[in-house]
1. Could you work out how much longer the chain between Val99 and Thr153 gets when fully extended? Use 0.36 nm per residue separation minus the Cα distance between them, nm to one decimal.
2. Kindly state, to the nearest 0.05, the FRET efficiency for Lys163 paired with Ile73, given R0 = 30 Å and r defined as their beta-carbon distance.
3. How would you rank Phe47, Phe82, going from fewest to most other Cβ atoms within 10 Å of each one's own Cβ?
4. Rounded to the nearest 20 Debye, what is the dipole magnitude of region 76-191 about its Cα centre when Lys and Arg each give +1 and Asp and Glu each give -1 at the C-beta?
5. Within a 10 angstrom radius of the beta carbon, how do Cys226, Cys5 rank from fewest other beta carbons to most?
6. Put +1 on the Cβ of each Lys and Arg and -1 on the Cβ of each Asp and Glu in region 73-149; which of Leu109, Tyr149, Thr94 then has its Cα farthest toward the positive end of the dipole?
7. Under a point spin-label approximation (7 Å from Cα along Cα-to-Cβ), what is the Val106-Ile57 distance to one decimal in nm?
8. If each of Lys132 and Leu83 carries a label point 7 Å out from its Cα toward its Cβ, how far apart are those two points in nm?
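Computed from the coordinates by the stated procedures, all read-outs in this text should not be read as laboratory data. Just so it is clear, the structure is predicted and the values come from calculations on it, not from any experiment. For neighbour counting, all protein chains shown are included, and Cβ atoms are generated from backbone atoms with ideal geometry for every residue, glycine included.
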Amino acid sequence: MGKFCTNCGAELYDNAVFCGKCAMSVANQSHNNGAVSNYNLPRYIGFSERINDPEVIKQIEHNNKKGRGCIFIGIPLPFIIFLIVSFVSEEIRTADALVFGGGISVVFLLFYLFGSYLTNAKRSWDGVVIDKKTKNKSRRFRDGEVQNYIEYTIYFRTDSGKKEYSVSNSYGAPDYRDYYDYLNVGDRVRYHPQLAFKYEKYDKSNDSVIPCMFCKTMNDIKSDRCEVCNSLLFK
């Protein structure tokens, strides 16, 4: 079985002194050339090709259609409601209804366009986890109540040199830390903005679980499909 760089995931040539991709010294890396566990198999190393699987593509398109259907109903709704109210009530003039209702509809449209940009598959990138931090924070409500929570942040460096980060908060769910527990410093990842679970790990050989990219459920690494939504797992 070939060896892989523990820093970036690239396959190492025989007798290589440095990784040909990230230039990390091979001597400083620990590779197991003996017996391997059930999880330490080549098929668990590398980014999955299932992002191009017809079933996965169809599921992404189906989810996008559902989202577009809801938003296209929601966008004109404020405009229609204000217009109807202006016809049946004297409390609001038709001109004002057109302005207020139209303004809210435009805001909804802008939110939709911004969301479409954020989830565009072309924004995908490959990179490495470079740091993880937690921060104790609090927020005050209007009634004076103060809620303490923890902010979990993961920092990435993309292959192009750009820095990215992911933030999750423990609002109302102390154990909810999104990607924080799954990803470790040094992990090579691929960012999938069009999926619910957006970070795919390159080296899954030491993992016992694998996330469903559609519903975020953690599954046994030996499973081929999600136990909750039956989606293909990215292996």
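1. Additional length available on full extension: 15.4 nm.
2. With R0 = 30 Å, the Cβ-Cβ based efficiency is 0.20.
3. So the residues, fewest neighbours to most, are Phe47, Phe82.
4. So the dipole magnitude of region 76-191 works out to roughly 560 debye.
5. The most exposed by this proxy come first: Cys226, Cys5.
6. Looking along the dipole axis, the top candidate is Tyr149.
7. 3.9
8. Inter-label distance under the simple model: 5.2 nm.
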